[in-house]
Amino acid sequence: MENQSVIALNALDHGRCRPWPFLQDFCLTCGICAGACPASGVDGFDPRKLVRMISLGMEDETVSERWPWICTMCGKCANLCPMEIDIPGLVQKIRSRRRREEVPGILHKGLEAALETGNNLRLPKDDYVFILEDVAEEIAAEPGFEGFTVPIDKTGARILTTIHNKLVNTHTEDLKHWWKIFHAAGEDWTVPSENWEGTNWGYFTGDDAAMKTMTSRIAGHMERLEIDTLLWPE
Amino acid sequence: MNKTALIIGSGTCAKDLAETLAASGVSVLVAGVDGCAPAWGPGRTPNEASALLEIMDGAKIRFITGTAGGFTVEFADQDRRIRREVRDILIAEDPVPQVNGSLYGLTEGAGVVSLSAFKSMLNPDSGNSEAFESLSRVAFLTGALDESLPLIARDVMQAALDLQQNKGVQAYIFTGNLKVAGQGLETLSRNAKEAGVIFIKNTERPPEIVQAGDESITITYPDEVLRRPSVLNPDLTVVDETPLPSPRLKTLGDLFELETGPDGFLQADNIHRLLTFTNRKGIRVVGPARGVFPPVLIASEIAHTALSLSRTKDAETDEKNKARIETGKCVRCLTCVRICPYRAVALAPRPVIAAAACEGCGICAAECPCEAIAFDTFPSTATTGAVEPESEAGGNRSGASDFIPHVTVFCCSRSAVPARNMARAMNGGFPEGLSFIDVPCAGAVSRLHLLNALSNGADGVLVVGCHPDNCHSGGGTLLARGRSDGLKMLLPRLGVAHDRLAFKNLAANMGAEFSQVLEAFMAHLESLGPNPMK
């Protein structure tokens with residue numbers, strides 16, 4: 001539902017968000033971002049309104065809004081903005097300003113799990129490996145895929161790829177599509193056995209420290225396994 | 001030859017123009033039409049070229065006679081009468097800013113000031129720095145009802161930027177549509193935004209501005225981006241101004257019989273008058289006298305004027321292309337005096353052509369009821385009939401019959417003649433039967449020219465002139481069309497089809513259209529058959 005309350009400019013400190021480095025004050029209010037955004041109109045919001053509120057210094061109100069969490073971070077707005085305003089950066093900053101306990105429930109819990117266990121589901125390593133090998137067996141049973149195995153922690157492979165948690169939970173069938181492509185292409189690929197989580201909810205919740213932890217783990221795999229190409233579908 | 005220039009104006013532009021001209025070696029007289037010459041300021045004297053710069057302070061202009069190259073100006077300084085001879089007259093009158101307070105429903109006072117007043121406050125020399133200590137929010141209203149003028153937008157943004165950056169005051173700019181089409185304006189708007197100025201655009205309806213009795217202002221508006229009602233109580237509101245042509249321009253326009261622009265400035269909206277020319281040779285309008293310009297353009301216009309003056313030759317008095325009045329025939333009706341767009345007919349006391357100002361357009365000859373004016377450059381009404389049809393190879397004809405129409409085509413030198421040359425180059429020639437009579441301006445083609453052509457062998461008569469806003473003489477092409485239209489109404493009474501006479505507006509680059517018009521006209525005349533008047 002759209003907010004209709006009066007904005008009292010005299011009560012605002014317009015310089016509050018001025019130091020933010022996203023060029024938000026250059027906004028021409030052209031509306032190209034709002035036109036491109038897939039989430040435009042939800043809750044009566046769009047990227048242009050967000051930028052305007054930050055320029056006016058309405059930080060508290062923006063941080064408590066739901067819309068910044070609906071943004072998919074697709075980046076179409078930034079791609080088109082004639083003033084090169086980093087709107088996704090702005091969204092992330094707004095997300096980071098929320099107290100962690102108020103981050104939308106599942107995101108915060110998932111992130112805690114990922115930081116502690118290496119994946120959003122707290123799925124133990126044995127169970128994870130079991131699921132991967134189970135799917136590999138099903139592929140190997142199909143004509144043309146005889147001998148298919150899933151390479152785990154393979155040193156010196158060409159590509160390292162991460163795994164979205166849903167692919168070892170509710171959507172295990174989807175693993176088959178791209179594993180079969182790898183096989184048909186004769187690709188030399190591997191997945192990690194630990195810290196395999198493909199999503200990065202540190203990025204998603206505006207938690208820069210957590211984002212860095214998650215990313216460092218992936219980078220760590222690359223170094224450890226001596227792989228220089230990363231396929232990160234998330 | 002005396003090369004003194006008279007500058008008429010009472011503000012900055014006249015002052016700058018005077019100094020620039022004097023510095024380039026031109027003797028300059030500076031006067032205001034009603035006695036107010038520009039003020040050079042207390043203790044500030046004109047620059048080193050002051051020997052060439054004479055300021056007629058307090059002297060009013062009573063009248064001006066003469067023509068290009070030799071004007072006589074008479075001043076009245078209380079009881080004294082002073083006469084001076086000048087070669088050129090330059091009008092450089094600053095615009096008058098109209099404060100738009102009433103537009104927003106505001107009266108100036110403690111809480112509301114005009115933009116000019118606010119700019120003075122910001123001026124470091126004004127000693128007003130404490131005034132800003134009590135301010136925390138200032139609202140600027142510019143073009144809040146429609147669109148901003150780039151010139152005013154510049155001043156507003158500069159003032160807002162100064163406030164925000166140097167005085168620690170929050171500035172708001174309320175506008176209908178911010179126009180930044182001007183040198184450096186887009187950068188200025190970005191700098192202002194970067195410094196923290198808040199721009200509020202109200203394109204759907206203007207903000208509601210209420211001035212309470214205690215001088216406090218409340219601005220209420222729907223934010224068009226956030227779609228929420230918003231309210232501001234600024235400590236000070238600055239209303240913009242619209243630069244209007246000075247009332248002195250009307251006085252000068254009447255005094256000099258100058259064409260006026262649609263907005264009251266002293267230059268017709270006609271490309272032939274660009275850059276600083278008027279309908280009168282020797283009289284120029286500079287900068288704010290002819291429109292609203294930013295300072296950088298006025299400066300370049302002043303430089304251009306100095307250059308242009310230094311290159312102006314003394315007036316040509318070569319009689320060949322000028323009008324000649326045959327005094328035996330002249331009945332002193334003064335039609336020529338009134339109709340000349342260049343004011344080139346003087347009364348001395350009988351009408352006399354001022355050769356230096358005459359541009360040879362021929363309008364006077366066409367309008368003279370006694371055929372008392374002649375030109376060497378085109379046939380007068382009495383001799384039109386003697387022209388032989390010109391026969392050239394080439395061109396297209398429908399060729400359906402043996403009848404070859406004889407067509408007399410009157411061609412304006414600025415449109416039809418170049419178009420004809422272009423057509424000839426493209427097509428290699430014209431069909432048989434055409435006679436071309438070249439005139440300086442379509443306005444030189446009189447009713448008698450047209451009637452004589454029709455009664456002396458032409459099956460059809462075509463007049464080709466410039467488009468209405470493109471006529472060098474201002475209204476020559478319109479006069480010609482009027483005569484042609486009037487005559488078309490009479491032709492049926494003579495037993496002649498009205499469409500044997502045609503008028504066409506063309507431009508110099510319309511060679512293809514020139515050919516098409518001729519072809520179509522000749523085809524039509526073929527279907528009409530020979531002129532019954534033959």
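A few comments on the model shown:
- 10 Å Cβ neighbours from other chains, averaged over peptide A:5-15: 5
- Peptide A:55-67 - average C-beta neighbours from other chains (10 Å radius): 1
- Crossing angle, helix A:87-96 versus chain A [Cα axis fit, 0-90 degrees, rounded to tens]: 90
- Overall form of the stretch B:97-242 per C-alpha gyration tensor (a/c, 1.5; a/b vs b/c): rounded
- Spatial separation of Cα centroids for the stretch B:404-418 and the stretch B:75-146, in angstrom: 54
- Relative to one another, the C-alpha centroids of the stretch A:162-217 and the stretch B:459-534 are positioned 83 Å apart.
- The modelled label-to-label distance for the pair B:ILE64/B:ALA520, using points 7 Å beyond Cα in the direction of Cβ, is 4.5 nm.
- Mean Cβ count within 10 Å, highest first, over the residues of peptides B:477-484, B:410-417: B:410-417, B:477-484
- Other protein chain C-beta atoms within 10 Å of residue C-beta, averaged over B:181-193: 1.
- Note on the stretch A:90-139: Rg/Rh from Cα positions, Kirkwood definition for Rh, rounded to two decimals, is 1.22.
- Degrees between helix A:173-185 axis and first principal axis of chain A (Cα, 0 to 90, nearest 10): 60
- Segments B:127-133, B:299-305 sorted - mean Cβ within 10 Å per residue, highest first: B:299-305, B:127-133
- Between helix A:105-117 and chain A: long-axis angle, C-alpha atoms, 0 to 90°, nearest 10: 40
- Shape category assigned to the stretch B:469-513 from the gyration tensor of Cα positions, a/c cut at 1.5: oblate
- Placing +1 on each Lys and Arg Cβ and -1 on each Asp and Glu Cβ, with no other charges, gives chain B a dipole about its Cα centre of roughly 1340 debye.
- Taking only the C-alpha atoms of chain B, Rg followed by Dmax gives 30.1, 95 Å.
- Centre-to-centre, using Cα atoms only, the stretch B:212-255 and the stretch B:263-322 are separated by 34 Å.
- Sites B:ASN177 and B:SER102 - FRET efficiency at Förster radius 35 Å, r taken between beta-carbons, to 0.05: 0.95
- The packing ranking, built from the mean of other Cβ atoms within 10 Å per residue, places the peptides B:528-534, B:162-168 in the order B:162-168, B:528-534, highest first.
- Enclosed volume per residue, in Å³, of the convex hull spanned by Cα atoms of the stretch B:1-116: 156
- The protein assembly as shown - Kirkwood radius from inverse mean 1/r over Cα pairs (Å): 34.0
- Cα convex hull of chain A - mean projected area over all directions, nm²: 15.3
- Global form of the stretch B:458-534, assessed from the alpha-carbon gyration tensor, a/c cut-off 1.5: oblate
- FRET E, pair B:ALA348, B:THR242, Förster distance 45 Å, beta-carbon r, rounded to 0.05: 0.55
A short reminder: the numbers here are calculations on the coordinates, not readings from a lab. All values reported here derive from a predicted model rather than from experimental measurement. Cβ sites come from the backbone with ideal geometry, for glycine too, and all protein chains shown count toward neighbours.
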